[in-house]
Amino acid sequence: MSRNRTVVLLSVGHACVDVYQGAVAALVPLFVAERAYTYAAVSGIVLAASLLSSVAQPVFGALTDRWAMPWLLPVSTLLGGVGIAASGVAGSYAWTLVFVAVSGIGVAAYHPESARAARVASRGSHQAMGWFSLGGNIGFAAAPVVVAGVGALGGVRFSPVLVLPALVGSVLCLPVLRALTGRAQGGSRAGASAGVDDWRSFIRLTLGVVCRSIVFIGLSTFIALYAQQRTGAGPVGGTVALFVLYLGGAVGTVVGGHLASRWDRVTVVRWSYLLTVVTVAGIVVVPGPVFYLFVALTSAGLYVPFSLQVTLGQDYLPSRVGTASGITLGLAVSVGGLASPVIGSVADAFSLQAALAPLVVLPALGWLLFRTLPEPAAPRVAAPSEAAPAR
């Protein structure tokens, strides 16, 4: 199978998986409306999806550094879908947390192996990795629309229909699975690169990823509810705000890959974070229809760095591509959930505006972390036929 086809299939599979990350935030207004959950309670649901995912992704990344495990692609896709599908029919808050956590583990298992496979197929191309990441962003953008369809059917009790993207994604993974299994000969460390690991720079990169993640998860959890307050547009206005937040990411990811071909990745990421300081402030303080413009600009500012941070992490740790992918790709869209209960508690005690206002500071911290970060030299990525045998 050609490299381009492999990247396309991985991108589509990425879209199917990331529907479930986006679905957690998209389900929040339904849980509030139908189950009368507080802000703190729905923050706990986001935390459940993020906590195990945040812990598990580096573990799966380390495992894929040691052994190629392409079978994880269809299995983890199904696990992510089944968890979300069951969350809406769970009989209690506790079971809802359990099923959302199961989905989080599935998503965690998918990202490191898929990013490693995409790097091998694309030979380390920034633009190709941008297209791979685009799939995940499209999945995020589709999540509010898909969940809105569930709401229209009759509410969260119809959540089992949300398993459909997982079934599609797992089937699309099968030709990739056959190709990767054949090339890796049952478990080689395909995609390993020669080079020295720069842990100091990688840690700074990771801290920047954490700052971005807290902003993104904080906004995605509460933007639908906050949009109703700021625009008076009701539930439809909230769904539109969440859709814009996710859809702008699809544009930003592709733009980021093209910008990195003109300027270095660190420079592009640094200026993106600086822009995001202004746009997040606009979300917090600007009312009316202009609110949606600031949501779109914030989405672009947060997503231009997305795929660039993945390739930066892989180049800082050329001998640990799976670990780097698990942290930069996985944690970027999960670790921020650990801060969601704090945001929810502040919102319950004061207001959503007061809870979201501190998010303005985090892109500024990201800019500081990237201000003197070195641009790594892109190492040569081994072709699958050159991969070392399993240890």
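The values are calculated or read from the model by the stated rules, or taken from the named source; none is laboratory data. Not measured: the values here are computed from a predicted model. As a convention, Cβ positions derive from the backbone with ideal geometry for all residues, glycine included, and neighbour counts pool all protein chains shown.
Side notes on the structure shown:
- Only one entry in Ile343, Ile327 is hydrophobic (A, V, I, L, M, F, W, C) and under 30 Å from Gly238 (Cβ atoms), namely Ile343.
- Yes/no for Leu63 being among the aliphatic types (A, V, I, L, M), over 26 Å from Pro341 (Cβ atoms) and surrounded by fewer than 19 Cβ atoms within 10 Å (Cβ to Cβ): yes
- Subset of the range 230-258 (residues that are free of Cβ contacts under 8 Å to residues at least 12 places away in the same chain, in a helix (DSSP H, G or I) and among the small types (Gly, Ala, Ser)): Gly234, Gly237
- Set side by side, the residues Ser220, Ser213 differ, and just one is part of a helix (DSSP H, G or I), of a type in the set (Ser, Thr, Tyr) and over 26 Å from Gly288 (Cβ atoms), which is Ser213.
- Residue within the range 33-47 that is farther than 21 Å from Ala227 by Cα and aliphatic (A, V, I, L, M) present: yes
- Annotation note: Cβ proximity below 8 Å between a residue of the range 294-315 that is without any contact (Cβ under 8 Å) to a residue 40 or more places away in the chain and under 20 Å from Thr231 (Cβ atoms) and a residue that is surrounded by fewer than 24 Cβ atoms within 10 Å (Cβ to Cβ) and of a type in the set (Ser, Thr, Tyr) (sequence gap 6+ or interchain) occurs for Phe294/Thr279.
- With respect to the conditions (1) of a type outside the set (Lys, Arg); (2) surrounded by fewer than 21 Cβ atoms within 10 Å (Cβ to Cβ); (3) in contact (Cβ under 8 Å) with a residue 12 or more places away in the chain, Ala224 lacks only one, and its number is (2).
- Answer from Val46, Val19, Val89, Val32 - the residue that is surrounded by fewer than 24 Cβ atoms within 10 Å (Cβ to Cβ), of a type in the set (A, V, I, L, M, F, W, C) and in a helix (DSSP H, G or I): Val32
- The set of residues in the range 259-284 being under 16 Å from Thr311 (Cα atoms), in contact with a helix residue (DSSP H, G or I) (Cβ under 7 Å, 6 or more places away or on another chain) and in a helix (DSSP H, G or I) consists of Leu259, Ala260, Arg265, Val266, Val268, Val269, Arg270.
- Members of the range 244-264 found to be in contact with a Pro (Cβ under 8 Å, 6 or more places away or on another chain) and either acidic (Asp, Glu) or farther than 16 Å from Leu293 by Cα (or both), listed by number: Gly256
- Of all residues in the range 275-292 being modelled with pLDDT of 90 or more and more than 22 Å from the chain's Cα centre (by Cα), the one that is nearest to Leu219 (Cα to Cα): Val284
- Verdict on Ser87 being modelled with pLDDT under 80, farther than 21 Å from Gly13 by Cβ and not aliphatic (A, V, I, L, M): no
- The range 90-139, residues that are more than 29 Å from Glu375 (Cα to Cα) and at pLDDT below 80: Gly91
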